[in-house]
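I have placed the structure first, in the form of structure tokens, so that the comments after it can refer back to it.
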Amino acid sequence: MATGAWWVETAVVLYLTLVEPFYGKREYLRLVNRMAVDPAARARFYWRIVLLEWFLVALVSISLRLRREPFFRLDLTLPRSAAGAGLVVGICAGLVLSIGLSALSPNLRGRFRRQLEPVQVLLPVTRPERYGYVAVALTAGFCEEVLFRGLFMTYLSSLGPWLVMPSIVAISAAAFGFAHLYQGWKGVLGTGVLGVVLALVYVYTGSLLWPILVHALLDLRVLALLPPPPSRHEVHA
């Protein structure tokens, strides 16, 4: 690996593991305090997330350029095996089914909303906020998979043959969970488990395209289960 690329990738990995959890928690607490006096704070928070994550992906792109490798070496392709394709189809079908059932069942919808209460301040309310949330969900789906699966797992595998795939999956998932420290330790555990699932999708399909799809669908499903946005008359009332 080119020396310059190694330093760039090491800096990004260190940021993801040592800085992002605490920076994210600080920004979340600032948002909680700001929302009481500034209704536009949530929308600005969304766009800061979008800019930060794309900046980190730009650094990954630079590291690949330094190694004279194309960005699409990250393998955004169809699953390489029938088992991988089945895994993706099963997960996506389960997500769609869960959204449909929750939308039809007030009890399931209420249970889902209660699960989101710890991060209630992050959820969009107005229609413009929903557009911002869509941008965040799509950005997180793409960028976080490039960072935590594409970069992080490749970086760990380059450290030596002693680090086997189960350990790589576990470490990358733990880092992904810890990056969600603002959600509390239950959130860290939940997103850590999700990190394992997304890493396994990556491993068994041989492509980042599918964990990106699953991740984005998971984030976007929130919109289908939120109350409808207030009308313009209600906003100004």
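What follows draws every value from the coordinates through simple rules; no lab data is involved. Every value quoted in this text rests on a predicted model; they were computed, and no experiment measured them. When we count neighbours, we look across all protein chains shown, and the Cβ atoms used for this are built from the backbone with ideal geometry, even at glycine.
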- Item | Kirkwood hydrodynamic radius over Cα pairs of the range 3-236, then Stokes diffusion coefficient at 10 °C and 1.306 mPa s, in µm²/s | 84
- Query: Taking the Cα centre of the chain as the origin, how large is its charge dipole in debye, to the nearest 20, when only Lys and Arg (+1) and Asp and Glu (-1) carry charge on their Cβ atoms?
  - Reply: 400
- Item | Exposure proxy ranking, count of Cβ atoms within 10 Å, fewest first, for Phe152, Phe55 | Phe55, Phe152
- Item | the range 202-210 - phi-based ³J(HN,Hα) in whole Hz, Karplus 6.51/-1.76/1.60, Gly and Pro as x | 4, 5, 7, 9, x, 8, 7, 4, 7
- Global geometry of the range 144-218, whether rounded, prolate or oblate, following the gyration tensor of its Cα atoms and the 1.5 cut on a/c: oblate
- With labels modelled as points extended 7 Å from the Cα through the Cβ direction, what inter-label distance (nm, one decimal) is found for Ala36 paired with Val164? 5.3
- In deg cm²/dmol and to the nearest 500, what is the mean residue ellipticity at 222 nm of the chain if only DSSP H runs of at least 4 residues count, each as -39500 (n - 2.57), divided by the residue total? -22500 deg cm²/dmol
- Per-residue HN-Hα couplings for the range 53-64, Karplus 6.51 cos²θ - 1.76 cosθ + 1.60 at θ = phi - 60°, whole Hz, x for Gly and Pro? 5, 5, 4, 5, 5, 4, 5, 4, 4, 5, 5, 5
- Note on the structure: Highest mean packing first, using Cβ neighbours within 10 angstrom, the peptides 199-206, 39-46 sort as 199-206, 39-46
- Query: What residue among Gly94, Trp6, Leu18 has its Cα farthest toward the positive end of the dipole of the chain, where the charges are +1 on Lys, Arg and -1 on Asp, Glu, each on the Cβ?
  - Reply: Gly94
- Out of Gly195, Ala43, His215 - ranked by how far each Cα lies towards the positive end of the dipole of the range 3-236, with unit charges on the beta-carbon of charged residues - the top one is Ala43
- Message: Give me a comma-separated list of calculated 3J(HN,Hα) values for the range 184-191, in order, Karplus coefficients 6.51, -1.76, 1.60 applied at θ = phi - 60°, integers in Hz, x for any Gly or Pro.
- Response: x, 5, 5, x, 4, 5, x, 6
